[in-house]
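Contents: one structure, followed by commentary.
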Amino acid sequence: MLAAIITLQTQENASQNLIIQRPPSGLSLQGRISIPGDKSISHRALMLGAIAEGETEIQGLLLGEDPRSTAHCFQALGAEISELNTQLVRVKGIGLGNFQEPMDVLNAGNSGTTIRLMLGLLASHPGRFFTVTGDDSLRSRPMSRVVKPLQQMSAEIWGRKGNTLAPLAVQGQALKPIHYHSPIASAQVKSCILLAGLNTEGKTTVTEPALSRDHSERMLKAFGAELSIDPETNSVTVTGNAKLYGQKVVVPGDISSAAFWLVAGSIVPGSELVVENVGVNPTRTGILEALAMMGADIQLENQREVAGEPVADVRVRSSQLKSCTIAGDIIPRLIDEIPILAVAATFAEGTTIIRDAAELRVKESDRITAMAQQLNKMGAKVTELPDGMEIVGGTALVGAEVDSHTDHRIGMSLAIAALNANGTTTIHRAEAAAISYPNFTSTLVEVCR
Ligand code: S3P
């Protein structure tokens with residue numbers, strides 16, 4: 001069988017076109033794939049390392065643009081962080097409450113996790129002033145979800161549109177503890193408040209309507225924070241005036257990055273892939289449940305626990321997928337995988353419905369509009385819903401000129417769709433993949449060989 005021809009073209013403005021030419025006879029994907037470190041865990045390892053006492057050693061950190069943004073911000077706040085160019089990164093912490101006032105604006109780039117989690121730490125540093133911003137996408141994303149609860153803790157934060165958009169200015173204060181009932185299941189909101197609670201006298205609690213990823217809770221405990229969890233009510237309480245101590249962190253592979261290969265292996269006939277070292281924390285495995293509902297042939301092998309996080313190798317063999325409905329409490333456990341699930345649904349028999357996912361509209365792009373527009377250019381039948389999508393499966397896709405909307409997960413999802421589309425697909429602004437998956441294209445070439 002012929003391989004796909006995959007080319008990366010750099011434009012004059014430095015943006016990249018990823019061109020995928022599928023051979024007329026089709027493809028089959030084979031191989032063992034190692035994926036980059038988990039983005040959520042990477043951010044938290046850098047942040048907790050920075051506010052801990054002593055040294056933190058991070059193995060397997062994601063060397064993508066987003067963790068680089070976190071590293072730059074925390075270096076400006078006083079932490080010493082070794083170069084982000086090897087699999088082992090060292091952080092020399094400054095101890096909780098010891099941020100220096102940065103000389104310049106803290107730039108979180110494209111990263112919602114960086115800005116929102118960092119805001120909780122900045123707001124609880126009395127007597128110090130900080131300014132934070134991000135790129136075009138981040139400056140249009142809602143910050144009120146963290147600014148409001150922080151204000152309830154008596155934080156002082158100013159910004160555009162009634163203090164809801166970055167750039168934001170923060171005058172650090174001694175905060176007071178609250179019990180915050182979050183209206184959304186968001187790990188960024190939960191983590192922001194818990195981090196603010198670390199340097200606040202008393203007990204700070206967050207209750208969320210459904211369980212979001214719990215990496216902060218796991219890592220805070222490992223670093224020595226006093227934390228109690230009530231699974232009945234989805235509540236977490238942190239005790240203030242905490243002391244954190246540097247740790248050895250091992251970052252598992254990112255299930256959100258594995259998801260591209262799990263869908264690719266499912267939809268491209270005759271494929272068999274093994275994705276190695278995938279983090280399978282139950283607050284993240286909604287994608288495995290959704291693909292199982294769709295009849296995917298996926299097995300977890302070599303299941304183990306690495307530094308407090310469950311890990312497995314995941315084998316996928318191609319199969320005819322069928323439609324399903326994805327809604328309710330599963331949504332926070334697969335929120336970042338919905339773009340690639342939309343691709344899977346395009347090749348499934350029947351009509352897939354995705355609901356309760358309005359959060360997708362305020363991610364790095366409006367992911368509902370982005371996926372509907374771009375997949376429809378390839379001949380798919382995707383209808384936008386206010387809080388999701390309706391996808392009529394079984395339409396043959398054809399190559400087209402599509403665009404990432406500068407969103408990493410949109411660009412990579414379209415590349416996987418292209419593997420099963422007749423002809424040639426060009427993905428514009430494909431460089432966005434570097435946010436979470438710097439070597440995505442080389443792995444794509446490898447599995448298509
Ligand atoms: C993240 C939480 C999620 C997710 C994002 C990373 C985190 O966002 O979409 O990619 O690391 O806490 P929300 O908390 O806004 O749902």
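The values are calculated or read from the model by the stated rules, or taken from the named source; none is laboratory data. It should be emphasised that the depicted structure is a prediction, and the values quoted were computed from it without experimental measurement. Cβ placement follows ideal geometry from the backbone for every residue including glycine, while neighbour counts extend to all protein chains displayed.
Annotations for the structure displayed:
- Selection status of K377, modelled with pLDDT of 95 or more, surrounded by fewer than 23 Cβ atoms within 10 Å (Cβ to Cβ) and touching a Gly at 6+ places or on another chain (Cβ under 9 Å): no
- Any chance A370 is under 19 Å from S436 (Cβ atoms), surrounded by 19 or more Cβ atoms within 10 Å (Cβ to Cβ), touching a His at 6+ places or on another chain (Cβ under 6 Å) and not hydroxyl-bearing (S, T, Y): yes
- Any hit, the stretch 383-392, residues being crowded, with 16+ Cβ neighbours inside 10 Å, within 16 Å of the ligand (Cβ to nearest atom) and in the same structural domain as G286 (by TED's automatic domain parsing): yes
- Total residues in the stretch 326-366, condition part of a helix (DSSP H, G or I), more than 19 Å from L397 (Cβ to Cβ) and either touching a residue at least 24 places away in the same chain (Cβ under 8 Å) or away from the ligand (no atom under 15 Å from the Cβ) (or both): 13
- Scanning the stretch 76-96 for residues that are out of contact with any Leu (no Cβ under 9 Å at 6 or more places or on another chain) and crowded, with 16+ Cβ neighbours inside 10 Å yields G78, K92.
- A search for C-beta distances below 8 Å between a residue of the stretch 29-48 that is within 16 Å of the ligand (Cβ to nearest atom) and any residue that is among the aromatic types (F, W, Y), counting only pairs 6+ apart in sequence or on different chains, returns I35/W261; I35/Y437; P36/Y437; L46/F74; M47/F74; L48/F223.
- Only residues that are under 19 Å from E55 (Cβ atoms) and among the small types (G, A, S) were counted across the stretch 74-131, and they come to 6.
- So T395, is it crowded, with 22+ Cβ neighbours inside 10 Å and hydroxyl-bearing (S, T, Y): no
- Meets criteria (in contact (Cβ under 8 Å) with a residue 12 or more places away in the chain and at positive phi) for G270: yes
- For A225, the criteria (1) closer than 20 Å to L175 by Cβ; (2) within 11 Å of the ligand (Cβ to nearest atom); (3) assigned to a loop (DSSP other than H, G, I, E, B) hold in every case but one, which is (2).
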